[in-house]
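Undergrad: There's a structure below that I have some questions on.
The values are calculated or read from the model by the stated rules, or taken from the named source; none is laboratory data. Quantities reported herein were computed from a predicted structural model and do not represent experimental measurements. Please note: Cβ atoms are built from the backbone with ideal geometry, for glycine as well, and neighbour counts cover all protein chains shown.
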Amino acid sequence: MLRDMRVHSHTRTLYHTGAYKRVRIVTIDGGRGVRQWLSQLGLGVGDIVFVKRNAPFGGPILVEHEGTEVAVGRGIAEKILVEDE
Amino acid sequence: MRIVFVGQPNSGKSTLFNVVAGYKSMSANFPGSTVNYTVSKARVGGEVVEVVDLPGTYSLTASSPAETAAKQFLLEEKVDAAVNVVDASLLSRSLEFTLQLIELQIPLVVCLNMIDEAERKGINIDAAKLSGRLGVPVVMTVAAKGIGIDRLFYVARRVAKKRELPSIEIPVRKDVETVLAGLAGSIDGTLAEKYPISKRLLAIKLLEGDDAFLSLADENDRRLVAEHGRMLEETHGQPADMVIAAERHALAMEIAEEASTVSKPQRDIRGSIDNVLMHRVWGYVFLLGIMYLFFVAVFKVGALFEAPLLRMFDSLVSAAAAHMDVSTLLFAIVKGVIQGVAGGVAIVLPYLLPFLFGLAVLEDIGYLPRVAFLMDAFMHRIGLHGTAIVPAILGYGCNVPAVMATRILTSPRDRIIAAVISTLVPCSARMTVIFGLVAFYLGPTWALGLYIFDIFVVAASGKVISKLLPELTPGMILEVPRYQAPALVSLISKTWLRMREFVVVAWPLLIGGSALLALGDYFHVDRFTNAMLSPVTVAALGLPAAVGTTLIFGVLRKELSMIMLIQALGTANVVAVMSPPQIMVFTVFVTFYIPCVATIAALLKEIGAKFTFYTIVYTFLLATLLGVAARAAFGIGFL
């Protein structure tokens, strides 16, 4: 129960995670296509990713996982919930 | 014997293919509906082997046309052995794809490529251990340096001859296996008779929601799939496709961890390049600088070759004139065809060739995904996303490769929008018109202004078309690969393949069209066309009637509208017949109206007849509207 509380209080979207943070993916919304696409690049629920940088003007987020770097557009980054690792 | 290369993008698959297939080999390119495989014959160990290079795909779940094509090839064609090329430095992610290939139960070899790259990153892989876990042979290579290739082919040929199938079925958790077995046991066995796959794999594919298999299922099968999917969803709290993906994901990570040891990575300067090139300020400064240098280089190289080539074709015409009676129809046709070929060879090739080569350099280095990252926010304003910047940039060289490049977009809707706006980007042919008329008679500032104006028109058009096709685009998910030093062989083969695609599409049209126009000229059809087009040219745009025919020529090749204008007006001093505002109106119209025939052919292939027709109508209306607006702005009186 306590664990649950802690998880929820630190959960935020990938988009709102600042650069240079290490986070764990909690959920991925946005339909089957988006999930499959991310999973092809090796990104899935439970994975720990490093947010390398974010582009200005509401641009994409660059995350790194197991040596793969992926640019994730804002719309999708807003549908990925993460928690601090 | 046929050996097929499969692998994820940037795994070094094409490099390997080039090393094997070589430049001396006979290479054929079979265009599929949307993707190409490259086929080549290679001599390995005294035997001629057919080598097929499938398009790079991340998985076999078929989320893009390239993946569907790769999967269909593996399932439906005769494959003696598949070589799965894997980037050793990205082992865990690559193994997810390898596991999918193992599921297909075809003779398979894993080619662990870029071992040097992995070692630099401090990753050491135990090939024997990996091979044991996967149940398939594993061969280590460094394709770029030719290391391990002989061994790879030795193993691939052995696997093909003995038809060695992967010896391990992919294990999944017990409850998932129960559901898989339940579905496999109850679905109609005839469902996938077309494919030689096991019922278990069929069950996996159906639960993953793979359209290629779901479309074969009847109502009862679909009901069973939904039922078993719900069972997984209830116990795992997520949709069935995610449960299966998660199983593969976990297994791939486990195997990768077990088979590799990690030590301290070597210092790599490439890691810090992005601190500049993807920087929120410097990234854009360098982007502008790189694009500027790129276009200057293309222009300089092109200009170097254009004049001597044109002279060569002119002397050909004179030679023909010396040997033939210039008043005959035959001479008119010969002259027309020579001029048509001249346009393709002397005007388009000098710019297209360095452009495609430079583009291949930017591509192979890995710069374009960085551009997509930087430009994503801006592309969203016009209803697209970052990836669509690539075809738009290509458009400045030539609209034909630009339209073809829209294939990299996954959504058909995005492909259509990107293709249509690419045709509005002033290509190098239109550049000659803008430079030759506007810059020459009105000054370079006006030419630059026209380019900036064009960017606004492209953006506005993107916005309008997105409104007309209001489907929600999922947005960008794009791998940003590490930088790589481009290999000359790969650059040349890439440039050559694209060049050939352009030549095959455009040249028959150029030659046929030129002959047709020569006929029209011979029989003085121009008076008729001028009269027919006068409602647009004279009434709406306020231009001399004589420009009518030049616009028809312009559809054939954009730069011809200028060359023919000089012929139609009967003087090289255009300003003697047309006022500077009229020149501006003419150039605006030429820039935007109807794409050239080569582009139309590319559009037909990529977005279909219906949308090609819409594009023609749209660009014609747009050009007329902008032409009339320019006329009003420059104060040419309406009669």
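Undergrad: Regarding B:Phe435, is this residue modelled with pLDDT of 85 or more and part of a helix (DSSP H, G or I)?
TA: No: the conditions fail for B:Phe435.
Undergrad: Quick check: anything in region B:606-627 in a loop (DSSP other than H, G, I, E, B) and either touching a Pro at 6+ places or on another chain (Cβ under 7 Å) or in contact (Cβ under 8 Å) with a residue 60 or more places away in the chain (or both)?
TA: Within region B:606-627 (the criterion being in a loop (DSSP other than H, G, I, E, B) and either touching a Pro at 6+ places or on another chain (Cβ under 7 Å) or in contact (Cβ under 8 Å) with a residue 60 or more places away in the chain (or both)), the answer is no, since none of the residues qualifies.
Undergrad: In region B:403-434, which residue that is surrounded by fewer than 22 Cβ atoms within 10 Å (Cβ to Cβ) and within 14 Å of chain A (Cβ to nearest Cβ) is nearest to B:Pro350 (Cα to Cα)?
TA: The selected residue is B:Ile408.
Here is a yes/no grid of residues against (1) among the basic types (Lys, Arg); (2) within 21 Å of B:Ala144 (Cβ to Cβ); (3) touching a Pro at 6+ places or on another chain (Cβ under 6 Å); (4) modelled with pLDDT of 80 or more:
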residue: B:Phe17; (1), (2), (3), (4): no, yes, no, yes
residue: B:Tyr37; (1), (2), (3), (4): no, no, no, no
residue: B:Arg43; (1), (2), (3), (4): yes, no, no, no
residue: B:Ser59; (1), (2), (3), (4): no, no, no, yes
residue: B:Ser64; (1), (2), (3), (4): no, no, no, no
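Undergrad: I'd like to know if region B:174-185 contains one or more residues that are outside any helix (DSSP H, G or I) and out of contact with any Leu (no Cβ under 8 Å at 6 or more places or on another chain).
TA: no
Undergrad: Return the residues of region A:63-73 that are surrounded by fewer than 23 Cβ atoms within 10 Å (Cβ to Cβ), facing chain B (nearest Cβ under 7 Å) and at pLDDT 90 or above; say none if nothing qualifies.
TA: Passing the criteria: only A:Glu69.
Undergrad: State the number of residues belonging to region A:76-85 that are over 23 Å from B:Asp274 (Cα atoms) and in contact with a helix residue (DSSP H, G or I) (Cβ under 9 Å, 6 or more places away or on another chain).
TA: The qualifying residues number 3.
Undergrad: What about B:Gly548, is it assigned to a helix (DSSP H, G or I) and within 24 Å of B:Gly520 (Cα to Cα)?
TA: Spelling it out, B:Gly548 is indeed assigned to a helix (DSSP H, G or I) and within 24 Å of B:Gly520 (Cα to Cα).
Undergrad: Looking only at region A:7-53, how many residues end up being at the interface with chain B (Cβ under 10 Å from one of its Cβ atoms), of a type in the set (Gly, Ala, Ser) and not in a loop (DSSP other than H, G, I, E, B)?
TA: Going through region A:7-53 one residue at a time, the tally reaches 3.
Undergrad: Scan region B:436-494 for residues that are surrounded by fewer than 19 Cβ atoms within 10 Å (Cβ to Cβ), within 14 Å of chain A (Cβ to nearest Cβ) and farther than 30 Å from B:Ile416 by Cβ and report the count.
TA: Residues meeting the conditions: 2.
Undergrad: Under the condition of being under 22 Å from B:Gln72 (Cα atoms) and assigned to a loop (DSSP other than H, G, I, E, B), which residue from region B:200-240 is nearest to the other protein chains (Cβ to nearest Cβ)?
TA: So the residue we want is B:Gly209.
Undergrad: Residues B:Ser461, B:Ser514, B:Ser493: which one is at pLDDT below 75, hydroxyl-bearing (Ser, Thr, Tyr) and in a helix (DSSP H, G or I)?
TA: The unique qualifying residue is B:Ser514.
Undergrad: Being surrounded by fewer than 17 Cβ atoms within 10 Å (Cβ to Cβ) and farther than 24 Å from B:Val49 by Cβ is the requirement here; does B:Glu103 meet it?
TA: Answer is no for this residue.
Undergrad: Now, a different point. If you check B:Ser327 against the conditions, is it away from chain A (no Cβ under 14 Å), surrounded by fewer than 16 Cβ atoms within 10 Å (Cβ to Cβ), in a helix (DSSP H, G or I) and polar (S, T, N, Q)?
TA: no
Undergrad: Next question, about the same structure. For B:Val400, indicate whether it is modelled with pLDDT under 85, away from every other protein chain (no Cβ under 14 Å), more than 19 Å from the chain's Cα centre (by Cα) and surrounded by 22 or more Cβ atoms within 10 Å (Cβ to Cβ).
TA: The answer is no for B:Val400.
Undergrad: Cβ contacts < 7 Å: first residue closer than 18 Å to B:Gln484 by Cα, restricted to region B:116-129; second residue acidic (Asp, Glu) and not in a strand (DSSP E or B), any location; separation 6+ or different chain. Result?
TA: Sorted first by the residue in region B:116-129, then by its partner, the pairs are B:Arg120/B:Asp268.
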